[in-house]
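Following: one structure in structure tokens, then a few remarks.
The values are calculated or read from the model by the stated rules, or taken from the named source; none is laboratory data. Remember, predicted model here, so these are calculated numbers, not experimental data. With ideal geometry, Cβ positions are generated from the backbone for all residues, glycine too; neighbour counts draw on all protein chains shown. Remember, those area values only see protein heavy atoms, side chains included, never the ligands or the DNA or RNA. Shrake-Rupley method; radii C 1.70, N 1.55, O 1.52, S 1.80 Å.
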2 protein chains.
Amino acid sequence: MASPRVVIVGCGFGGLWAAQALKRARVDLTVIDRTNHHLFTPLLYQVATAGLSAPSVAGPIRHILARQRNTTVLYGEVRTLEPARRTVVMENAEEIAYDYLILAAGTTHSYFGHDDWAPYAPGLKTLEDAIEIRRRVLLAFEHAERERDPVKRAAWLTFVVVGGGATGVELAGTFAEIARHTLRGEFRRIDPHTARVVLVEGAGRVLPPYPPELSAKAQLALERLGVTVWPGRVVTGIDAEGVSLGEERLAAKTVIWAAGVKSSPLGAALGAPLDRAGRVQVSPDLSVPGHAEIFVAGDLAAVPGVPGIAPAAKQMGRHAARNVIRRLNGEPTVEFTYRDYGQLATIGRNAAVVMIGRLKLSGFAAWLVWLVAHIYFLINFRNRLVVMIDWAWAYWSYQRYARIIIRGAKSR
Amino acid sequence: MASPRVVIVGCGFGGLWAAQALKRARVDLTVIDRTNHHLFTPLLYQVATAGLSAPSVAGPIRHILARQRNTTVLYGEVRTLEPARRTVVMENAEEIAYDYLILAAGTTHSYFGHDDWAPYAPGLKTLEDAIEIRRRVLLAFEHAERERDPVKRAAWLTFVVVGGGATGVELAGTFAEIARHTLRGEFRRIDPHTARVVLVEGAGRVLPPYPPELSAKAQLALERLGVTVWPGRVVTGIDAEGVSLGEERLAAKTVIWAAGVKSSPLGAALGAPLDRAGRVQVSPDLSVPGHAEIFVAGDLAAVPGVPGIAPAAKQMGRHAARNVIRRLNGEPTVEFTYRDYGQLATIGRNAAVVMIGRLKLSGFAAWLVWLVAHIYFLINFRNRLVVMIDWAWAYWSYQRYARIIIRGAKSR
């Protein structure tokens, strides 16, 4: 008899951990992703800020899963799902039938109905995004150096980050560090130190999921780095010349979007109830109501009390895979329980915030925890070693070695 | 009195070495380049073959020259030169006046009048080129894995390198290594080992500038790696489906151009005599006949007996700068003499050819010479260390860590 067919859509933390949990299962596993690499998203902002090269935070999916003989990796995009026929439809109309499906297609950025802002304010979800942001930030200083009009020059030296969550805080802090330290002495007509980095957050404080005292510490650390923090302000317009905040106008040639995410449209194809963010409201065992053969893992699954962070996605992926195995063995599935190992966000050199249960850390100690955790979880040995060297060198020299402008599709 | 204005156009090996030789000169130096980085071109093929990340072979020009207080770096493209007015005209019509000009604008690839081949056969001159080639080669295996038609599949698994010089040999050898070793065990429907790598060279042997016995050894080493070497064959057509060689037709979805270079069009703007390749026929002191204030260095300068390789460009750049200094001091300029430290080309794992004067080396010993020379000349400490780790790891594991497909402008 042929092995049961299991399909995993998406190879982020949810999908990859699900695939690895099925390593020894007697299944015929297909893993589909529209990129050829698993991305270590917690360090993606380092690619966007020229601290790491793209290959340092990405591993080829085929290579990671090469030794799982039960696994086929498919590079391609899923067009839609047909749950009634238990079929995944690819962009080229190829159909892939499954007995069990684990959907881990994640999220993309959302401009809250203002998709016309996208060309002026790239978000940070993919390697392409990171390289585009790196290009824009580095080019802005080059444009400023060549611009003679002081008003236009100031607009090139103004960087706005929209959204004060972990990504926004990390980006704003690092941009300030680049302006203050990395570029020192390299320009002749401008002083990069005069660059202005503005972090806009709609909520009353940065890092809203964190306790207020950590938000306050994060804001203080950002301000110490030279970031202008604007909590409680809502962006109402973005165009090629800057940002509108209600009546107010901020001239800025470089705007980065770190404000909102929306779920993959594949969630809606399931026909199951979605929450406001478009996430699938799964059963306690992570299966889809009415479809016991479909599980959802990672950011696309709405599970009360579970944050949208990498450790949660990994746990869900592994849990979904184990429930598939239970089903195959004729056993009842098990409810998902989230083990909270804490959350952390870095702000810049020597500063971070960490919450682990009731423990709250900030400053240098939190930064050390962040550093060790991120190096530890990087996916393979080589990347870990090279990232450590890059960081040691960057820490000592204030330099960022990936300061390479690569022309892309969206040249301006 | 204001310092004399020296302008250097191009920051490859010729331009950068000229700039550094002017470090202590009392001049007002402007270095113009259309990228923000100096590129270590001898290792560019490693980026194209996923062995190194782009930032590993590139250093930001501003950073390299930051401590030269007499130097301004300008990121931008030169539209033309007006030697009569001693002026460089930028793409935005900005004019830069000079007292001395060092032109080191190098070469680009030439399709010998067949520019329509360019979309089907990218060349390797810039980081963008390297990333595009990497993308095409990696994508070809992905397409082959998804293709059910055996004829089309074979076309996806055929890789043609046009041109058997050093770059062509390096690329073909490494492609074969990827197919044979790197991808082993990662695909389920295709066997990457069956991929065909064909190296086409119009001359009667590969590596034409080398002695015939080294060419023969190189061909043998390539064939041992699995490359099909076709010397004495001329490509007469390239399109989306393959390559024509006279009557013969080779179906191949991936074609790489390593066959010809042409000089920067800025050489022609000087109004000086050019050779057949469009290089400027300079005087023995590297100045331009009729323009004692203009020097040409690097691949754009035609100097009998001097090859178009990095060490020659460096020597010319340094020499041109010193002649500028001599002129400023009221001294006569000095004739350029090339010091031949040899030439080397690598073929793949453990194989290379080296000629140093009358010494000829091949095989493992030559490969060691190649390795040490390339690591030694890499531009800064950090890159050297990381490249050494990458290579040690790759040598031991047969892996290539930069196997990341990044979507670019030219998606297909």
Scaled to the compact-protein estimate 2.2 N^0.38 Å, what is the alpha-carbon radius of gyration of chain A, rounded to two decimal places?
1.02
Beyond 24 Å, the calculated P(r) of the stretch B:167-271 holds a percent of Cα-Cα pairs equal to 35 percent
For residue B:375, place a label point 7 Å out from Cα along the Cα→Cβ vector, do the same in each other copy, and report the separations in nm, one decimal, smallest first.
2.2
Sequence of B:151, B:353 when ordered by accessible area, the most exposed leading, probe 1.4 angstrom:
B:151, B:353
Nitroxide proxy distance, nm - points 7 Å out along Cα→Cβ at residue B:358 and residue B:262
4.2 nm
Alpha carbon Rg of the stretch B:322-363, scaled by the compact-globule rule 2.2 N^0.38 Å
2.00
Surrounding net charge for residue A:230, when Lys and Arg each add one and Asp and Glu each subtract one, Cβ distance under 12 Å
0
Projected onto their principal axes, the Cα atoms of the stretch B:70-152 stretch, largest extent first, over whole-Å spans of 64, 32, 21
How far is helix B:166-177 tilted, in degrees, relative to the longest principal axis of the Cα atoms in chain B, given as a value from 0 to 90 rounded to the nearest 10?
30 degrees
Hey, for a label at residue B:20 modelled as a point 7 Å past Cα toward Cβ, could you say which residues of the stretch B:342-380 have their backbone N under 11 Å away?
B:377-380
Stokes-Einstein translational diffusion, the stretch A:226-269 - Kirkwood Rh over all Cα pairs, 1.306 mPa s, 10 °C, in µm²/s
125 µm²/s
Taking every Cα atom in the stretch A:223-305, find the radius of gyration and the maximum pairwise distance Dmax, and write them in Å.
19.1, 53
Average beta-carbon neighbours from other chains, 10 Å sphere, peptide A:56-66
5
Taking R0 as 35 Å, what's the FRET efficiency between residue B:184 and residue A:341 from their Cβ-Cβ distance, rounded to 0.05?
0.45
Inter-copy label distances at residue A:236, 7 Å along the Cα→beta-carbon direction, one decimal in nm, shortest first?
7.0
What angle, in degrees between 0 and 90 and rounded to the nearest 10, separates the Cα long axis of helix B:127-146 from the longest principal axis of the Cα atoms of chain B?
10 degrees
Could you tell me which of the pairs B:314/B:360; A:125/A:253; A:152/B:314 are separated by over 28 angstrom between their Cα atoms in the structure shown?
A:152/B:314
Total Å² of accessible surface buried at the B-A contact, 1.4 Å probe, nearest 100?
5100 Å²
Cα axis of helix A:381-397 to longest principal axis of chain A: angle in degrees, 0 to 90, nearest 10?
10 degrees
Roughly how many whole Å is it from the C-alpha centroid of the stretch B:106-163 to that of the stretch A:238-307?
38 Å
Quick one: divide the alpha-carbon radius of gyration of the stretch B:78-220 by 2.2 N^0.38 Å and tell me what you get.
1.44
Rounded to a whole number, the mean other protein chain Cβ count within 10 angstrom for residues of B:16-24 is 0
Between the stretch A:1-60 and the stretch A:207-227, what's the alpha-carbon centroid distance in Å?
32 Å
Can you order the peptides A:314-327, A:197-210 by their average number of other Cβ atoms within 10 Å per residue, highest first?
A:314-327, A:197-210
Given an 8 Å cut-off on Cα distances and at least 6 residues of separation, report the relative contact order of the stretch A:1-107 as a percent.
36 percent
Would you please put A:70-76, B:211-217, A:171-177, A:344-350 in order of how densely packed they are, using the mean number of other Cβ atoms within 10 angstrom per residue and starting with the highest?
A:171-177, A:344-350, A:70-76, B:211-217
On the Cα set of the protein assembly as shown, report Rg and Dmax in Å, please.
28.2, 94
Starting from the Cα-Cα distance between residue A:114 and residue A:94, subtract it from 0.36 nm times their residue separation and give me the gain in nm to one decimal.
3.9 nm
DSSP bridge pairs, chain A: antiparallel proportion in percent, nearest 5
50 percent
Nm distances between copies for residue A:149, ranked from closest, using label points 7 Å along Cα→Cβ
5.4
Let me check the size of the stretch B:309-386 from its C-alpha atoms; what are the radius of gyration and Dmax in Å?
16.8, 52
Unit Cα scatterers, Debye sum, the stretch B:1-149: log10 I(q)/I(0) for q = 0.10, 0.19 Å⁻¹
-0.46, -1.16
If you restrict to DSSP beta bridges whose two residues both lie in the stretch A:205-312, what percentage is antiparallel, to the nearest 5?
85 percent
In peptide B:394-406, how many Cβ atoms from other protein chains are near each Cβ within 10 Å, on average?
5
Can you compute the label reach from residue A:329? Point 7 Å from Cα along the Cβ direction, backbone N cut-off under 12 Å, restricted to the stretch A:10-45.
A:25-26
As a test of the formula, what do you get for chain B when each DSSP H run with n ≥ 4 contributes -39,500 (n - 2.57) and the sum is divided by the residue count, at 222 nm and rounded to the nearest 500 deg cm²/dmol?
-9500 deg cm²/dmol
Sorted by accessible surface (1.4 Å probe, heavy atoms of the protein chains only), largest first, B:338, A:98, A:341 come out as A:341, B:338, A:98
